[in-house]
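Visitor: Here it is: the structure, laid out below.
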Amino acid sequence: MTTDTQSARAVVEEFLRHLDRQDADAVQALFAAEIDWYVPGSAALPWTGRRTRREEVAPYFTTMWPHFAPGRSTITPERFIVDGGDVVLLAVFTHTVLANGREFTTPVAMHLAVDDGRIVRMHLYEDTLTAAEALRAD
């Protein structure tokens, strides 16, 4: 089944609401059983990499979020580009590192694909070098 533009955008907006509340289980529930998930990065960011199953979604967030000060992360959406089930979100993420108090901001591009009401692809492109440098303990 294909997904129309309005339905795809609604799923992605729900995804962002769950992210904002840091509800990893609710985010995970939006994904299909088999997924194409990719967040490029380095070993300095243990949450980066590929995932292929819905059960791997919540651990991504529960691995990442403890590094950031609670209530000090923001997602600022700048533009949605929607074509059928494909949604590209251009945004800015701001986080404060819990261990050292450093705040950093990174522009992001996220490609999500929605099919039959479930997210089947999430590719996130952000400045992981800036994130790794902010997390560095010096």
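The values are calculated or read from the model by the stated rules, or taken from the named source; none is laboratory data. Not measured: the values here are computed from a predicted model. So basically every Cβ, Gly included, is an ideal-geometry build from the backbone, and we count neighbours across all protein chains shown.
Residue-by-condition table, conditions (1) closer than 25 Å to Glu56 by Cβ; (2) modelled with pLDDT of 95 or more; (3) among the polar types (S, T, N, Q):
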site: Phe104; (1), (2), (3): no, yes, no
site: Ala109; (1), (2), (3): yes, yes, no
site: Val114; (1), (2), (3): yes, yes, no
site: Ile119; (1), (2), (3): yes, yes, no
site: Tyr125; (1), (2), (3): yes, yes, no
site: Thr128; (1), (2), (3): yes, no, yes
site: Glu133; (1), (2), (3): no, no, no
site: Ala137; (1), (2), (3): no, no, no
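Visitor: List the strands (runs of 3 or more DSSP E) that sit entirely inside segment 9-119 and contain at least 2 residues that are among the basic types (Lys, Arg) and either without any contact (Cβ under 8 Å) to a residue 40 or more places away in the chain or more than 27 Å from Glu133 (Cα to Cα) (or both).
Guide: Those strands (runs of 3 or more DSSP E) span 49-53.
Visitor: Return the total of residues in segment 120-129 being in a strand (DSSP E or B) and either touching a Lys or Arg at 6+ places or on another chain (Cβ under 6 Å) or not acidic (Asp, Glu) (or both).
Guide: Residues flagged as in a strand (DSSP E or B) and either touching a Lys or Arg at 6+ places or on another chain (Cβ under 6 Å) or not acidic (Asp, Glu) (or both) within segment 120-129 amount to 6.
Visitor: Still on this structure, I have one more. Look through segment 1-42, keep the residues that are among the charged types (D, E, K, R) and more than 26 Å from Gly71 (Cβ to Cβ), and return whichever of them is farthest from the chain's Cα centre (by Cα).
Guide: Asp4
Visitor: Condition first: in contact with a strand residue (DSSP E or B) (Cβ under 6 Å, 6 or more places away or on another chain) and under 18 Å from Leu30 (Cβ atoms). Now tell me which residues in segment 53-74 satisfy that.
Guide: Correct list: Arg54, Val57.
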